[in-house]
1. Where is the GNM fluctuation largest for the chain (alpha-carbon springs, 10 angstrom cutoff): 33, 113, 84?
2. Would you look at the GNM of the chain, springs on alpha carbons closer than 10 Å, and say which of 55, 35, 26 moves the most?
3. Would you please name the chymotrypsin sites (Phe, Trp or Tyr not before Pro) within the range 29-108 that are DSSP coil residues with at most 12 other C-beta atoms within 10 Å of their C-beta?
4. Can you figure out the FRET efficiency of residue 100 with residue 6, using R₀ = 22 Å and their beta-carbon distance, to the nearest 0.05?
5. Can you quote the Å³ per residue value for the convex hull of the Cα atoms in the chain, rounded to an integer?
6. What number, rounded to the nearest 500 deg cm²/dmol, is the helix-based mean residue ellipticity at 222 nm of the chain, given -39500 (n - 2.57) per DSSP H run of at least four residues and division by all its residues?
7. May I ask which residue of 9, 112, 24 lies farthest towards the positive end of the charge dipole of the chain, with charges of +1 (Lys, Arg) and -1 (Asp, Glu) on Cβ and the Cα centre as origin?
8. Please give the charge dipole size of the chain, origin at the Cα centre, charges +1 on K and R Cβ atoms and -1 on D and E Cβ atoms. Round to the nearest 20 debye.
Amino acid sequence: MTDHSKLLPRILEKLFPDQDEREAVSEILGQYGHSEFQREWDRVKMAILKLAGKSPERVRYYTLMACRDYRDVLAAAEYPKQMGHYPWIEKDPKRLAQIQKEDLQQYTDWYLGILWDGKKGTVNSEP
């Protein structure tokens, strides 16, 4: 299981190396999590960053989406193949398991690619 609370600051710093821009994006992300139904703050914020990439405007868009229903953001970020494939219709359990595995792999590849600066090797842990 991924520890989003440890990854979130590092991903945020990699996507937005400029401190002013990072602070602005952090403020936008901070809009999520104030209502009782807005759960899993770090996980949802990671999902927002995955969907938004390096665009503060898209961070704002996906943050607003998450504030309405965080499950939409999580589904799009973490389960893109499953959501496009309608897994509840899939009759072949092996195929469904493969789709789930591919979704997990693409999410892992996304954050490791950012932490590795797109290069295979050791994770860059410098601030």
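None of the figures in this text is laboratory data; all of them are computed from the coordinates on show. Keep in mind that this is a model prediction, so the values were computed, not measured. Positions of Cβ are generated from backbone atoms using ideal geometry, with glycine treated the same way; all protein chains shown enter the neighbour counts.
1. Looking only at 33, 113, 84, the largest GNM fluctuation is found for 84.
2. Between 55, 35, 26, it is 35 that shows the largest mean-square fluctuation.
3. Working: sites: 32, 37, 41, 61, 62, 70, 88, 107; in loops: 32, 37, 88.
Loop-located and lightly packed - 37, 88.
4. Numbers: r = 24 Å, r/R0 = 1.09.
About 0.35, to the nearest 0.05.
5. On the way: hull volume 14.9 nm³, N = 127.
Roughly 118 Å³ of hull volume per residue.
6. Values: 7 runs with 86 residues, N = 127.
Using -39500 (n - 2.57) per qualifying helix, the result is -21000 deg cm²/dmol.
7. My answer, from the dipole projection, is 112.
8. Working: 20 positive and 21 negative charges, 100 e Å.
Magnitude of the dipole: close to 480 debye.
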